[in-house]
Each structure stands twice: as structure tokens, then as C-alpha cells.
Amino acid sequence: MIARPGAGRAAAIGLLALLVGGGADGAGRMTGGAPEPGAASGRGMEPGRGPGAGDDAADASPRVRFTVNDGWRFAAGDLEGAAATEFDDSAWTPVSLPHTWNAEDALTEAVGYRRGTGWYRKHLALDASLRNRRIFLRFEGANQVADVFVNGRPAGRHVGGYTAFAFDVTDDVRFDAPNVIAVRVDNAHDEDIPPLNADFTFYGGIYRDVWLIATSAVHVTLLDHASPGVFIDTPEVSEAHATARIRGTIVNHERRDTRVTVTSGVLDGSGAAVAVVRTALAVPAGGSASFHQVTPRVAAPRLWSPDEPNLYRVVTEVSDRGRIVDRVENPLGFRWFRVDPERGFFLNGRSHPLYGTNRHQDRPGLGSALPDAAHREDVALVKATGFNFLRLAHYPQDAAVLEAMDRRGLIGWEEIPVVNIISLSPAFADNAERMLVEMIRQHYNHPSIVFWGYMNEVLLRKPTPMPDGYIARVRQLAERLEARVWAEDSTRVTAIAVSFDEIDDGSGVQDVARVLGLNLYFGWYYRTIETFGPYLDSLHARHPTRPLLISEYGAGSDERIHTLEPGAFDFSTEHQQRFHEATFRQIRERAYLTGSAVWNQFDFGSKGRHDSKPNINQKGLLYFDRRPKDVWQYYRASLREEPVLHIAARDWPRRAGSRPEDARQPVTVYTNLPEVELLANGTSLGRQPGRGAARWTVPLQPGANRLEARAPGSAPDAFTVTYDDRATFFTDAGSPVTVMAVNAGSHYQYTDAAGLVWEADRPFTPGGWGHTGGEPQLRHHRIFGSDDDPLYQSQLEGMEQYRFAVPDGSYEVQLRFAEMEHAAAGQRVFDVVVNGHVVFGALDLAGRYGRHAAVERTVVVEAAGGSGLTIGFTPSAGRATISGILLRRM
């Protein structure tokens, strides 16, 4: 059993200045008027208004802090002399931070995206009121190597794309002219820098906020790995009482020794001081000194939990010769936990199963360069799902995310980007350990964080050829990182995540961390969904003392793909829904699990992916643009207490069929209510038990069909589904239905951007349509020249013909092809014959168009004598192939 009491330590971001003069009043309250979280960010300064220019709050605070996000210029490439003050950047592109140069090319059909160097420059005038202060620049994140120059002089270098860094630029700035800040950023692949390989896009740029911080000569350090300089935990915490331990370092840039008083007050949510502690500290000239405080007991503390995320604040003031010279504020949450390998996760002495998700930080149009409001919105969406757990994958994330997790009550797992594979260079191990230290120290104070992670599927992709001793070196790195976590923070637990193939692989890596995260995709990449639970039971039986947490499980979906026969890797929304319903049920049945996390809360960018939506990992419960998928409501119905009633048809609003039986369509309702009734076009289809997913087979009418779900205790939910009935296309030459489309070789229908439904393929039946012979193929690779990737990725190969029993008349026949297998000319050559006439001869897709290219060929033909249309395929090399057929009656 693992038990770790403690609260978090603080983030260096989000320091909130209190007004000068704060102290303890007669009622024991800390005075000084602290603003609400985020209110003193400095972002409200008017354009062109420098610090100290009439801003009373900035003047009064012992620490001045504001963003320098506006007015930058950017240029791609490694430009000689770009750090120099006199360099002409007038032709560069004006940008504001956060910024990435990969926001657009990360989503194009091109295979790669730009990884290399970019330069940023900013001209910054400083107010004379800051002349006698220490000046720091703090970057929340730049991917992945950043060299910072101030007025042509190097201020420092930072390696690693996902943690903050800060430089003291006091000796480099000037007040008689604008300062030139130049930053060279490089996101090129580097064997010495994690991550080397991962299923997400490595966006380049200064993609998080940049701050200017001005302090007194005597201050809490800003240069301890860009941490807040103050670290808070709770050596004693219970429902009856709690204490806080507060540690930090004071720096003295004066030429004289000094003796300061460090006062720390613990403030509750109303601003009342519930504990105060003072320490006298001698700080040598030009040196530093550390303090260690333990507060008096706080009686009956309001505990932090996902259900009640009660937050306290620790305000630390530094007084020098009776004057407050620095003040910082950090969050504090009183909570304790334990991880039991047989009974799961316990919080504050009570069983508290962790049900949650993973989160990547990017969005379409922005890449990784999100404003804080977008980060907070993501956390709000996680909480709105009903989750109480969030894994920050696969890297430390923005401070706004951690702050929002604290406030909303999400237990967190944060990790460094050692993903898939490692380098054996000493620099790689050093960089990984430094990233770990930065992450822990920067985010130590957040009560939301319980797990520190340091490896994810690190043996998933072994180098080729594999160096001698590689596996042993991976374990050595794991042991080194494990030891460093405990040296930094003994109040939390360590975790790594392994893939299915890494479990019990003999490497020993899975045995190093205290909690074993399992990235398992039963029913997606391997095996079946139903075997998931029994597999977990067998693993638990083999490792009864090892806490197990399902760190990833998921299935991809595409709102354009639907099927009555869902299966693994078809990207239908129906398979994703069935996957989550079955998998989450099996998770909840196993009390020994520490918890679980869906992969992923949101679809996210992964430039190397070739799925139905290239460049995107589609396993989210919400789309890349944060529109909720229907499956999101399944989790809300499973976890939320307020009534949930949702017709899960938003992802499948338009349906089509060409046979009478096709009009009978499945409809699912997600609800947490005990019973639900479904009505179609005003007719009740009956009631079914709720508490999860209820399903009906609905007889759809041609055109609009209004569906309504009703349940006691909730307002009804209604949605309209449109059904395109194409049966008359084959029986009536005067039918208003003039289009028939086939997704050849596929068991799923596909809806294109124009709203046209391409029906799933089928063998020929008299009086209808279909193919004779052939073998369906599904090959996922991005398609060049079309956005209809799912249409081209499925093919029927080796067929003899397609027959369409259509009435006599003229028809436009549009054929869609893509060569998905062969790269060279002459390997697949065939004729296309329509009603006995060769319309496309010696068609060589690879030779003429190249591999993975969309090809569209159209011909107008006549159906006469009641014989309909027959499209034949005659190969002269290899097998014929077809991806789509569209018939349009002329």
C-alpha cells in the first residue's frame, strides 16, 4: 500500500501581488486586498503604457509583473545577426504571443511540417520607476531550444519545450532607449532532447506567455528552475487539524549583509488568516539563504477534493529593515491520499475511484499557442464530463491548466515527454532529469497533482538496429528518474505508462515506478473489447501488490463515417460508442483499479497520422474544435448527478438507403435516468430502462424525422434526422431522387462535405445494385488532392463488375480511384467497361497519378432495353480497384 499525505507546492506562474502594507489586523486577518486569481496578471495595461506609468497597483506592489506578449516580430529561418540591437526587423511578420509557426502546416496534406529555427524580436521600453529593481524575463514555454538575447547580449539558453524558464536581465537592460529582446527558437529533431518520437505534433515557437518581473534587490528567488521559490506541503493533515510546511530561498543582491523577516500567512477562501508564521533570516551580501517554516495547526481545515475543491492561499512576505520588499502568493490545498492495490484510490480517508481523461494542448488554427482562457475552458469541459481525474499527456502543461485543476477539483497526473524511445547519450538523460526537476518545482504547490510521471511507452519503438544494452539503459534511466522524483517530492507518488506489448516484457521498467499506468486498447489495436476485463484480472492476479491505473483507452471516430456493422479501426462513431460503453463498464466493475483515463478528451494534432482525418488523432470525446461528440454524453450520463438525457444522433444527422429495410435505423439515447421513452415523428416506440445507453430501431420516413426522448425528472431532448430514401432511383425514371453514391469496398457509409451520403458497399441483388466478386480493402493513408480520405481509403479489388438495375435513360457515371498499394507504374493496369464499351482503357493509377492520389473520372452513358448499367473491370496487370461510384440521372 502506498500512502502519501500532502498538499501541493506552488507554481511560479500566477503570482498575485498584494497591496503594500499587508499584515495582520486585530482580527487575525491578513490585510492588503488580494485580488481574485488571475486578476493581477498585468494583461489589462493599455497599449504603450509602461510599468509604473500611473498604475497605482504596480507602483504599490513590492513585485511588478506583466506580460510582454504584444508587439513581437517573427521570421522563419536561422538569420545571421538577428540578435543584434541594430538588426533591421521591419520586414518581419508582426505577431503576438503565444505563437507557433506550425499552426497551419501541421494540418496540410503534405507529409511533413516545418521543424527548424525561427526568430522573435521585440522592442520594449522600460519605465524609469524600475531602474533600481532586479529585472527578469520569464518564459512559460518555447519549443524546444530557446536562446534569449537582450540588447545583443546572451541572457541564457533553455533546452526543453514544455517547462518554464527565467533569466535575470538586470545588467542587460537600459532605460534611455527601448530594449531589444531577441529569441532564437529551434524545434528541430535533436537526439539529446526528449521527446524524440511521439504521437503528437511538436509545434515550434514561443507558444506560451512571456512575463517581465521586477523585484527588489532582496527577494524570493526566481531562478530556482523558474519555480515560485516557495514550496508548500502539509506534513500533518486530517479532518481535525492540519499544518503547512513552507520552504524557500531569499536572494540578496545588495552589497551589504541583511537580516530579513519572512512572514507566511495561510488565508482561507474568505481571506481570513488561519495561521501565521514568522522567521528571521540572515542573508549575506550577494548571496542567498533558505528558510523552513511550519505553521501552527489549522483547526478543522476545509479539505480539498474533486467534490469540494477548497483552496487556501499562502502569502509570503519578505521584510527588510521594517519594509516589505517582496511578496508572493501560492495555492494550498489540505488533502491526503493513499493508493491501495486491492481497493483502489482513497482521498481524505474515503474510497474515491479516479475516472478521468487525458488532454493535449492544441487546437485548430492555434496549434499549441493557446490563450489562458482556452486552457481554462478545456479544464472546464473535462469537469463538465463528470471526470475527477486528468492526465496531462505527454508533457508539463500551461500554468493556467494547473490553476484551473486546483479550482475545479481535478486530481492530476503530470509527466515529462520521455515518450516511445530514448537516446543513449548522457545529454538525453541529463535533459530528461532536468525537465523532471523543472516540472516538479514549478508545479509543486498545486494540490491537484498527485502523480508525477516520467515515461510513457518508452519501449514501444526500439531503435533499429538496437544497441547492445539498450533495454538495460532504459531501466537505468527509469531508476534515475524515480530516485530524483523522491529526492524532490516525497509527498506524491510516481507513475509510468506502458503499452500492451511492454507489460511483463522482462525489461523490469514496469517495476520501477510506484503506480503502473496501462495504455490498453482492447477492441481497437488488438483483441476484443470483451477480453479487456478478464485480462486485467489476470494481470492483477500476477501482480497483486502493484497499483494499476488504466492510463489510456480509446477508439477513434469520424463524424462522416457510420455503419450498422461497427468494427475496430473503421473510425465509425458507432464503434467508438460501443467501445466506450463496454470498456468503461468493465473498468467500473474492478475495485482494485486506482483509476482510468480516456484517450483522449479532445481530438488533437499528430502530423504523422494517416487515419480518416490525416494529421489528427481522432480518439477524443470531443472534436479538435471542442464540439462534443455524442459519446461525450455517455460519460456525462455515467458520472454526472444532474439529469442527463441525450439522443445520440448529433454525429449522424443524415442517413441514406436504397432498400426498404435500410430505413430501419438504430438510435441510441444516453441517460442517467431510470427509464426513457423515444418518439419518432410523434409515435412512441416504447420505453426502455435507462442508466446508460438505451437503443431503439427506428423506422425512418423519407425526409425529416423528429426524434424526441422523454424521461421523468428531465426536460425532453429532441433532434431531427434526415433520411434520403433512394429506393425509387431504381424503380421510377421520374423520381425526384437523381443521385446514387457507393462507398466501394466499405462496410460504412460516408457523408461528404456537400452532405451527399455514399452508401456502404454490398453484393448485387436483382432489382437493386451491387458488385460481383471482389475483396474489400481498407488502407489508412492520407489522400492527396481530396478531403474525402475515407472514401478513397476503402477499395474493392479484383471485382468483375458492378450492376445497377436503373430505369432506361442517360446517366453521368463518376468513378473514384486511388492507388493505395503500388508505387511503380505497370503493377496495376485495367480497363473500365460500361455496358460493353471501354470508357477508360489501360488505367494505370500509379503510373499516371502516383500513389495515394485521388483520381476522379466521369463518363456519360445510356441505359437502354431495361438492362440497367453494368460497370466491368478487365485487368491486364494486377487486380482492378475502385473506391467510389456516383450515378447521376441526367
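The values are calculated or read from the model by the stated rules, or taken from the named source; none is laboratory data. Quick caveat: nothing in here was measured; it's all calculated off a predicted structure. Because the Cβ atoms are built from the backbone with ideal geometry, glycine has one as well, and the counts that use them run over all protein chains shown. For the accessible areas, the whole protein counts, side chains as well, though only heavy atoms, and no ligand, DNA or RNA atoms are used. Shrake-Rupley method; radii C 1.70, N 1.55, O 1.52, S 1.80 Å.
Of note:
- Evaluated at q = 0.11 Å⁻¹: base-10 log I(q)/I(0), Debye formula over Cα of segment 112-269: -0.60
- As an equivalent ellipsoid, the chain spans semi-axes of 56, 32, 26 angstrom, where each value is the square root of five times an eigenvalue of the C-alpha gyration tensor, largest first.
- Between the Cα long axis of helix 573-588 and the first principal axis of the chain there is an angle of about 50°, rounded to the nearest 10.
- When the helices of the chain are scored as -39500 (n - 2.57) per DSSP H run of n ≥ 4 and the total is divided over every residue, the value at 222 nm lands at -4000 deg cm²/dmol.
- Of all accessible heavy-atom area on the chain, the percent that carbon and sulfur account for (1.4 Å): 50
- Helix axis angle, 470-488 relative to the chain longest principal axis, alpha carbon, degrees: 40
- For segment 66-203, fraction of C-alpha pairs farther apart than 24 Å, in %: 32
- Ordering of 287-295, 263-271 by burial proxy (mean other Cβ atoms within 10 Å per residue, highest first): 263-271, 287-295
- Partners for residue 613 among lysines (Cα-Cα distance below 20 Å; same-chain residues under 8 apart left out): 629
- The chain: angle of helix 426-443 to the longest principal axis, Cα-based, in degrees nearest 10: 70
- Once the Cα gyration tensor of segment 465-604 is diagonalised, semi-axes √(5λ) in Å: 31, 17, 15
- Residues 401, 739, sorted by accessible area with the largest first, give 739, 401 [1.4 Å probe; ligands and nucleic acids excluded].
- Put simply, when 111-119, 745-753 are sorted by average Cβ atoms within 10 angstrom per residue, most first, you get 745-753, 111-119.
- Accessible surface computed residue by residue for segment 325-470, with neighbouring protein chains in place and a 1.4 Å probe, gives 24 Å² per residue.
- When you count the other C-beta atoms within 10 angstrom of each residue and take the mean per peptide, 693-699, 730-736, 330-336 line up highest first as 330-336, 693-699, 730-736.
- Whether segment 284-410 is rounded, prolate or oblate, judged on the alpha carbon gyration tensor where a/c under 1.5 counts as rounded: oblate
- Partner aspartates and glutamates whose Cα lies under 12 Å from the Cα of residue 383, excluding those fewer than 8 positions away in the same chain, are identified as 307, 406.
- As an equivalent ellipsoid, segment 781-890 spans semi-axes of 25, 15, 11 angstrom, where each value is the square root of five times an eigenvalue of the C-alpha gyration tensor, largest first.
- Taking the inverse of the mean 1/r over every pair of distinct Cα atoms in segment 317-372 gives a Kirkwood hydrodynamic radius of 16.5 Å.
- Taking all protein chains together and a 1.4 Å probe, the residues 139, 149 rank 149, 139 from largest to smallest accessible area.
- Cα centroid of segment 796-846 to Cα centroid of segment 586-627, whole Å: 38
- Normalised size of segment 163-235, defined as Cα radius of gyration per 2.2 N^0.38 Å with N residues, equals 1.51.
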